[in-house]
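The values are calculated or read from the model by the stated rules, or taken from the named source; none is laboratory data. In this text the structure is predicted, and so the values were computed from the model without any measurement. Using ideal geometry, Cβ is built from the backbone for each residue, glycine included, and neighbour counts are taken over all protein chains shown. These area figures cover heavy atoms from the full protein model, side chains too; ligands, DNA and RNA do not enter into them. Shrake-Rupley method; radii C 1.70, N 1.55, O 1.52, S 1.80 Å.
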Amino acid sequence: MSTDNKNWKMLEQHPDNELADMINFSAIPQIRSHNPLIKIKQNLLINMAFGLMVCCAYIIIIICFDYWQVRLALGLVMVFSLWALSTAFTQYRSIRTDIFSNGSVLQELKRQRQSIVSWTRSQARMALLIYPVSAAGGFMLGGAIGSGKSVAAFMSKPVVWLLFIIVVAVLVPLCHQLARWMSKRSFGQYLDALKKNIEELEVENNLDLL
């Protein structure tokens, strides 16, 4: 029986133990005692709380400012934010820091890491579609408030449209890079640690086969 399956049997005898405790067993001393899945879950929770605050801010703006163009843009952004929150919650619930299935520990770690990576990538792809809408809504709102005119009146000049295009063209890649940096800060190092744990378990299994 391979080392990771032996540890699986040990874990089944203590179903309430955290995965962090499991990876401290002397049979796999190479695996770090720090469980990256716990940190990923914690950061997901923080991100969801921040997302809820952003959605509340959108609701306040939509109610307080009677510009249909801005309401339409921010309404679309809020729909995306709610979608992002729902997928984050689904991902949060799917991450298990203790294991209940009958498969191997190694395969379960691989599955969880791949699920998190796929989720972060889908979030980034969808966000690229919404950044221009968000930038447009913010530009129109700021211009209407600053000029004291309606959005249509503010946007009626060609120079404003030129500025609008420049602002959107600049903000979209900046927002994308910022989102990538935040995602890396929240999940990147812990995904790397999880990958390291997987590699160490694979080495253990390969040694057992020799």
Consider G103 against the criteria (1) modelled with pLDDT of 90 or more; (2) more than 30 Å from G142 (Cα to Cα); (3) exposed (fewer than 13 other Cβ atoms within 10 Å of the Cβ): it satisfies all of them except one. Which criterion is unmet?
(1)
Look at segment 55-78 and say how many of its residues are among the β-branched types (V, I, T) and surrounded by fewer than 14 Cβ atoms within 10 Å (Cβ to Cβ).
3
Can you pull out the helices (runs of 4 or more DSSP H) entirely within segment 114-210 that have at least 1 residues that are out of contact with any Asp or Glu (no Cβ under 9 Å at 6 or more places or on another chain) and of a type in the set (D, E)?
189-209
When you go through R125, R96 one by one, which is the residue that is open to solvent by 30 Å² or more (accessible area, probe 1.4 Å) and in contact (Cβ under 8 Å) with a residue 24 or more places away in the chain?
R96
